[in-house]
Structures are given as C-alpha cells and as structure tokens.
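Every number here is computed from the coordinates shown, using simple stated rules; none is lab data. As the structure is a computational prediction, the values presented were derived from the model and not from experiment. Glycine gets a Cβ as well: all are built from the backbone with ideal geometry, and neighbour counts include every protein chain shown.
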Amino acid sequence: MLQIDDWVELISETEDENVPVGSLLQVVDITLDKKEAWVRPDYRILSIPINKLRKV
C-alpha cells in the first residue's frame, strides 16, 4: 500500500510525455478511493493511476 512520501517508479506510459516510464516519483497525496496518487517528478505535481506505479 502506498503512503505519502513513498518513492515510486512509473511502470506504464501516461498522457504526460515528459515523464518517461522508469521515472522515480515522490508520492505527495493519494485519492480517497486509493485509485490515483499525486506525485512529484520535479517542480510539478501530477495525478497518476496507482496501477501505473510500483513502490521502490
């Protein structure tokens, strides 16, 4: 189960072409339904489905 401040790896493509598969991202929030995580790849914060992330 992911938690805030966990580091995750993107394991599947998303609509954002600037975040390639294999990117390491920090979890900053998780939706109440536990289906999406808000992650920080750099100065931005993105919402990515949890099934596209793997905890590292």
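Label points 7 Å out from Cα along the Cβ direction at Asn51 and Asp16: separation in nm?
Spacing of the two 7 Å Cα→Cβ label points: 2.0 nm.
Dipole of the chain, Cα-centred, from +1 at each Lys and Arg C-beta and -1 at each Asp and Glu C-beta, to the nearest 20 debye?
The calculated dipole for the chain is roughly 180 debye.
Pairs of alpha-carbon atoms within less than 8 angstrom and 6+ residues apart define the contacts here; what relative contact order does segment 7-55 have, in percent?
About 37 percent, as a whole number.
Given (1) 3.4; (2) 3.7; (3) 5.8, which label gives mean projected area of the Cα convex hull in nm² as computed from the coordinates?
Label of the calculated value: (1).
Compute the distance in nm between two label points, each set 7 Å from the Cα along the Cα-to-Cβ direction, one at Leu2 and one at Gln26.
In this crude spin-label approximation the distance works out to 1.5 nm.
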